[in-house]
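Report on the structure given below.
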Amino acid sequence: MTHKIKRDRYFWTVALQTVCVNIFLGSFGPTQPLLRADQGTSLTVAGLHGTAMGLASILAGLANPHLAHRFGRPVTAWIGLGFFSIGLIAFVASPSVFFSIPAALLAGFGVSITINNAITAITTHYHELSPMALTQANAIASCGYVSGTLIVGTIANNYRDLWRLGMLTALPLAAFLFFVMRDKSTEIHVPHEDGSQTGTLSREFWISWVGYVACIASEFAISFWAAALIINRTGATPAISTLTVAALGTGMALGRWYGGRILKHWHLDTQLSIFIGLQAVGFTIVWFSHNLQLSFLGVLIAGLGISNQFALASLRMIGFSDNRPDLAIGRSSMAAGIAIGGSPFLLGVLGDLFGISRGYLMVPVLMMIAYLIVKLTPSKVSQKVLEDNEL
């Protein structure tokens with residue numbers, strides 16, 4: 001039987017919401033060397049921006065089940081995009097680290113709320129087709145990631161002092177979505193009489209939760225500090241290395257769009273294991289490389305590996321949640337917060353103490369943890385075999 005995903009107005013609205021926040025994410029991590037140079041801070045202090053975003057994700061995880069219950073997922077996503085827009089403007093306008101860190105916190109809160117509700121929206125809209133639908137929505141989101149990196153990197157390379165303005169390209173898209181694409185129907189959301197989703201989650205969920213932490217931690221360690229490692233190994237300028245990291249987003253986009261199709265006959269857990277393996281190959285190339293072009297290839301392969309880990313690991317946790325997706329995603333956001341806040345900061349500390357190359361050895365440890373947990377906790381996600389899923 002043939003099953004096709006209908007990419008309707010709802011799909012595109014949700015996907016483009018995540019494009020907005022990914023423009024910021026794609027430019028935020030790779031430009032850490034530029035921000036650190038502007039503010040004159042150490043690797044450790046610069047890593048506090050990632051810590052602020054991690055804390056924001058934890059706060060979003062605590063707030064998300066209550067917001068989704070009170071306002072419904074569509075409105076909650078718009079609330080998240082509003083927080084993100086305000087935080088983005090504040091970050092761009094921040095004159096020092098004392099202002100940019102709180103701005104990163106506010107923007108990060110909006111990013112997490114938006115992404116959390118995108119996942120649950122796609123999952124509930126497509127049901128058994130959600131693995132394919134979610135990876136394709138994430139592929140579209142990766143276009144924002146690549147665009148953010150390329151725009152800011154190009155500006156930095158040609159107009160060094162204006163690189164932050166490139167981040168503001170997310171705002172016109174957010175305005176277009178809100179005023180043009182938003183569903184303006186008068187249907188009123190009625191909160192469920194049982195209240196927001198609560199309760200105790202299973203042991204399998206929490207084991208899977210730890211694996212999710214490892215996946216996100218390794219992703220953000222690479223995305224935040226790959227530019228610094230490439231500078232250290234190849235002698236490239238911060239602006240050029242920022243453009244090189246665009247390969248990470250390109251790999252993520254390719255992996256998200258085509259990975260699900262190529263591996264559609266494989267079990268979800270097998271797919272996740274393959275992507276972790278690809279990330280390990282890409283990381284190894286980057287870590288050993290002293291050549292800019294080879295580093296570019298390594299980052300591209302690492303991006304392929306990272307591409308679907310977030311989506312597949314999220315679906316695993318939802319599968320362990322006993323039909324409580326908002327609660328599961330809220331807890332996953334807390335996991336992401338720990339990973340986003342802890343991993344880049346810890347890598348920054350290790351970089352200051354031992355050098356960025358040796359500090360980067362924490363990444364393969366995280367990948368091994370994620371792989372072992374996938375093997376220890378087989379998923380409970382119902383997944384149809386998809387055939388002929390064409391554009």
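For D38, the accessible area of its heavy atoms, probed at 1.4 Å with every protein chain present, is near 80 square angstrom. Report the one residue of A52, F84, L16 whose Cα lies farthest in the direction of the positive end of the charge dipole of the range 1-97 (charges on C-beta: Lys and Arg +1, Asp and Glu -1; origin at the Cα centre). Of the listed residues, the answer is L16.
To the nearest 20 debye, what charge dipole does the chain have about its Cα centre, counting +1 at the Cβ of each Lys and Arg and -1 at the Cβ of each Asp and Glu?
I would put it at about 240 debye.
Quick one: what do you get for the range 206-300 if you divide its Cα Rg by 2.2 N^0.38 Å?
Details: Rg = 14.5 Å, N = 95, 2.2 N^0.38 = 12.4 Å.
After normalising by residue count via 2.2 N^0.38 Å, the value is 1.17.
Surface calculation, 1.4 Å probe, protein heavy atoms: L292 sits at approximately 50 Å² accessible. Here the accessible area is traced with a 1.4 Å probe on the protein chains. For the chain, carbon and sulfur cover 68 percent of it. In percent, rounded to a whole number, the relative contact order of the chain is 28, using alpha-carbon pairs under 8 Å and six or more apart.
Write down the accessible area per residue of the chain in Å², having rolled a 1.4 Å probe over the full set of protein chains.
Using a 1.4 Å probe on heavy atoms only, each residue of the chain averages 40 Å².
Take every Cα pair under 8 Å whose residues are at least 6 apart in sequence, average their separation, divide by the length of the range 18-115, and the relative contact order is 37 percent. The length gained on full extension between A37 and F71, counted as 0.36 nm times the residue separation minus their Cα-Cα distance, comes to 8.0 nm. Put the Cα centre of the range 251-298 next to the Cα centre of the range 22-75 and the gap is 24 Å.
With Rg and Dmax of the Cα atoms in Å in mind, check (1) 23.0, 95; (2) 19.5, 60; (3) 28.0, 100 and report the label derived from this structure. The value matching this structure is (2). When F275, F98 are compared by accessible area at a 1.4 angstrom probe, the order from most to least is F98, F275.
Computed packing ranks the peptides 221-228, 40-47 as 221-228, 40-47, most packed first, by mean other Cβ atoms within 10 Å. By a 1.4 Å probe calculation restricted to protein chains, F310 has an accessible surface near 40 Å², given to the nearest 10.
The values are calculated or read from the model by the stated rules, or taken from the named source; none is laboratory data. The structure presented is a predicted model; accordingly, all values stated were derived computationally and were not measured. A quick note on method: Cβ atoms are made from the backbone with ideal geometry, for glycine too, and the neighbour counts reach across all protein chains shown. Each accessible area value is taken on the protein alone, full model and side chains, heavy atoms only, with ligands, DNA and RNA left out. Shrake-Rupley method; radii C 1.70, N 1.55, O 1.52, S 1.80 Å.
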